[in-house]
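We did not get these values from a lab; they are worked out from the coordinates using the rules stated. Everything numeric here is computed off the predicted structure, so don't read it as measured data. Neighbour counts run over all protein chains shown; Cβ positions are idealised from the backbone, glycine included.
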Amino acid sequence: MRTGRFVVIVIAFGTLCADGLAAQGPKDRVAASIDGQAPRYAALAQRIWDYAELGYLEERSSGELQAELRAAGFSVEPGVAGMPTAFIASWGRGAPVVGVLAEFDALPGISQDRVPERRPHPELTAGHACGHHLFGAGSVAAAIAVKQWLEASGTPGTIRLYGTPAEEGGAGKVYMVREGLFGDVDAMLHWHPGDRNTAAPWSTLSNKSAKFRFHGVSAHAAGAPEQGRSALDGVEAMNHMVNLLREHVPQETRIHYVITHGGSAPNVIPDFAEVFYYVRNPDPEKVVEIFDRVASAAEGAALGTGTRVEYEVIHGLFAMLPNLALARAMHANLERVGGVAYDAEERRFAEAIRGTLAGRPPPVAAAATVQPFAESTSAGGSTDVADVSWVVPTAGLETATWVPGTPAHSWQAIAAGGITIGEKGMINAAKALAMTAVDLFTDPELLAAAKAEQAERVGPGFVYRPLLGDRPPPLDYRLPAKPD
């Protein structure tokens, strides 16, 4: 009697569960899939946090993401567009083709432990101060959830993840655009770690960079200075002239540099020195004009110091092309997901971080809110996602993986990205991405509107030409500067 009753109860419960799953919408399904595997994706992100690999050197980070996608049933093509750590992972067939971008490179010269006070990591000289460990793992989580839903529902189309190396100054995506690897993609989705939750369609600055290398003549700095020609003098003269140039460029322009090699000893006149420059402006054409003036300053500096200069263009980026149709859909899904809720331990960590921030940072509770939609915002920085946006309708979002008020490229960003605060923001981003992909697979009108808007923004007859020209990927750009 008991056994029979038990069987009836189990059957009834199973029926209820089946009915519940049948009633569950596709967005709930992809969100549940991501939540169910959240610890796995968090562990993946933290392994990449530990690797902290620089641009074009992200062998383990890229390998981890590729392995996760292969295990989920994706076909993976590694080493695309001449970049060993770049890859494309695909599942499905036919249209629409929805792409998701994934990044995974760290920043040099900054590291931090998983603590809320300044404590460089003893074993690392780089760190995920821009949160790309979360970016990569979160995008993989979204792609896998969408694949599972497509497969279970029989919905036609292709989900494709692009593993893109060296976003930080290496322009990995530009080489993929140049190779035509986005040619059949109908819409592209991306996200970025941040200190708030927003899907506003932001613009960025176009950017062109180069390493200027000066060559002189070495000599004893005290015993025979007249026989030397200092390459470092060439760098310093160039920097001085470029700093004078700042008064005579459009006010939206940003120019910054770092001396990557200045010599080895004060008593040896350096015969080699190198300086790495970025030139930014919202208008790509103005960037090219200003960059050429910077290059002329370098030539003048070489002439005046009796040295020789050459330069290597490292990267060139367009400004981001917004897509309001996609952005509104992304915003609606972000609102559905919501912000990041801290537990008691996370609040203590966040308050400690907040105490180290400059100015008057927002309260930590701001992480739980979603910013109102705005049709136009400026991010101020630059990204190679921008070049993708000129060939494919593209939209992104930002989630609060960092404590509100935290600037990117800071030790505070590394710290929060190394604990559950960053992981929670990543999971929210993955769900919003996956939900927006569901919209694109199920709403042809949305996709048509996004394509029409993108075509209008680029204008008739637009032909994409990368600002970095035909140079191959600079796979060694993060290696120490060395004379020829």
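Computed over all pairs of different Cα atoms, the Kirkwood value for the hydrodynamic radius of the chain is 23.9 Å.
Among the trypsin sites (Lys or Arg not before Pro) in region 118-205, those located in a DSSP loop and surrounded by at most 16 other Cβ atoms within 10 Å of their own Cβ are Arg118. When the charge dipole of the chain is built from unit charges on Cβ atoms (+1 for Lys and Arg, -1 for Asp and Glu) and taken about the Cα centre, the candidate among Gly223, Gly194, His315 whose Cα reaches farthest toward its positive end is Gly194.
Note the angle between two axes, namely the Cα long axis of helix 2-23 and the longest principal axis of the Cα atoms of the chain, as a number of degrees from 0 to 90, rounded to the nearest 10. Once rounded, one gets 50 degrees.
The charge dipole of region 202-347, taken about the Cα centre with unit charges on the Cβ atoms of Lys, Arg (+1) and Asp, Glu (-1), comes to about 240 debye, rounded to the nearest 20. Relative to one another, the C-alpha centroids of region 203-276 and region 410-453 are positioned 41 Å apart.
Give me the percent relative contact order of the chain, please, defined on Cα pairs under 8 angstrom at least 6 residues apart.
22
Compactness check for region 206-317: Cα Rg over 2.2 N^0.38 Å is 1.12.
Between Ala31, Val258, Tyr51, the Cα set farthest toward the positive side of the dipole of the chain (charges on each charged residue's Cβ, about the Cα centre) is that of Ala31.
On a C-alpha basis, how far is the centre of region 320-364 from the centre of region 85-147 in Å? Whole number, if you could? Value for the Cα centre distance between the two parts: 18 Å. Relative to the dominant Cα principal axis of the chain, helix 26-36 is inclined by about 70°. Descending by average beta-carbon neighbour count within 10 Å, the peptides 295-304, 48-57 line up as 48-57, 295-304, the highest first. Counting only other residues whose beta carbon sits under 14 Å from that of Pro472, what net charge do I get with K and R as +1, D and E as -1? Net charge in that neighbourhood comes out at -2. Ranked by the mean number of other Cβ atoms within 10 Å per residue, highest first, peptides 305-311, 97-103 order as 97-103, 305-311. Helix 420-442 axis versus longest C-alpha principal axis of the chain: approximately 70°, rounded to the nearest ten.
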